[in-house]
Structure formats: structure tokens, C-alpha cells
Amino acid sequence: MLDRNFSAAEAAFFRALGDETRLRILGLLKDQGELNVSELCSEIEKEQGTVSHHLACLRSCGLVKTRKEGKSIIYALNSKDKISKILSLGEGHV
């Protein structure tokens, strides 16, 4: 029997992938590497608050990681090879 904590974490992971904006963010990070919030906002044409909200979700699920550069926070895929593979599998399925 699966541990309930594992199942809950897995469900949160798949919920995070179930949003178009979050998938667009992940796709940009996959293709362009590291981006800050302003760059992501410009690319997906969404407000900073919206993008920040989605980034917080992706970060809490372990899909993105951050690093500080001056006053900016830079976002990148966490475990890039694994996340890229998951995104490629989804693209191939569609």
C-alpha cells in the first residue's frame, strides 16, 4: 500500500502539471534555462503576481529551484533532465 504522504505529494505534482500557465513556465525554463520573474512575465504575457503565484506552486512541488542574483531571483528547472523528460513525454502524447 502506498504511503498517504507519498500519494498526496504525487497528486500535488500532477496538479502542478495540470495548469496551462505552469506548463508554459516549465517549457520556457526547459528551452531557455534560467529566467527571472520579469522575463517570464514578458514571455507569457501575464502579470507579475500571477506568475509569482504559479512559480510558488512549481517550487513547492519541487519542479523549479531558485537562486539569488543581486536583487533578482532566478528560476530554473529542478532536476532538469527528469523534468525535461516528463515534459517531452507529455508533448509526445499530445
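The values are calculated or read from the model by the stated rules, or taken from the named source; none is laboratory data. Owing to the predicted nature of the structure, the values given are computational and were not obtained by experimental measurement. Using ideal geometry, Cβ is built from the backbone for each residue, glycine included, and neighbour counts are taken over all protein chains shown. Accessible surface is based on the protein model in full, side chains and every heavy atom, while ligands, DNA and RNA are left aside. Shrake-Rupley method; radii C 1.70, N 1.55, O 1.52, S 1.80 Å.
How large a share of the accessible area of the chain, in percent, is made up of carbon and sulfur atoms when the probe is 1.4 Å and the other protein chains stay in place? Each step should come with its number before you reach the end.
Values: 3210 of 6400 Å².
Result for the chain: 50 percent of the exposed heavy-atom area is carbon or sulfur.
Which option, (1) -0.57, -0.83, -0.95, -1.15; (2) -0.70, -1.03, -1.18, -1.36; (3) -0.57, -0.89, -1.06, -1.32, is the value of log10 I(q)/I(0) by the Debye sum over Cα atoms at q = 0.15, 0.19, 0.21, 0.24 Å⁻¹ that was calculated from these coordinates?
Entry (3).
Amide H to amide H under 5 Å from residue 66: which residues, 5+ apart in sequence or cross-chain, H placed 1.01 Å off N in plane?
Distant-sequence amide H within range of residue 66: zero hits.
Could you name the lysines whose alpha carbon sits less than 18 Å from that of residue 65, not counting residues in the same chain fewer than 8 places away?
Answer for residue 65, where 18 Å is the Cα cut-off: 30, 80, 82, 85, listed by chain and number.
Provide the per residue accessible area, probe 1.4 Å, for the chain, rounded to a whole number of square angstrom.
Here the residues of the chain average 68 Å² of exposed surface.
Only sites in a loop by DSSP and with at most 11 other Cβ atoms within 10 Å count here; which GluC sites (Glu not before Pro) in the chain make the cut?
Hits after loop and neighbour filter: 45, 47.
What does the helix-only formula give at 222 nm for the chain: each DSSP H stretch with n ≥ 4 adding -39500 (n - 2.57), the total divided by the residues, and the result rounded to the nearest 500 deg cm²/dmol? Don't jump to the answer; show the numbers that get you there.
Working: 5 runs with 62 residues, N = 94.
Roughly -20500 deg cm²/dmol at 222 nm, from the helical runs in the chain.
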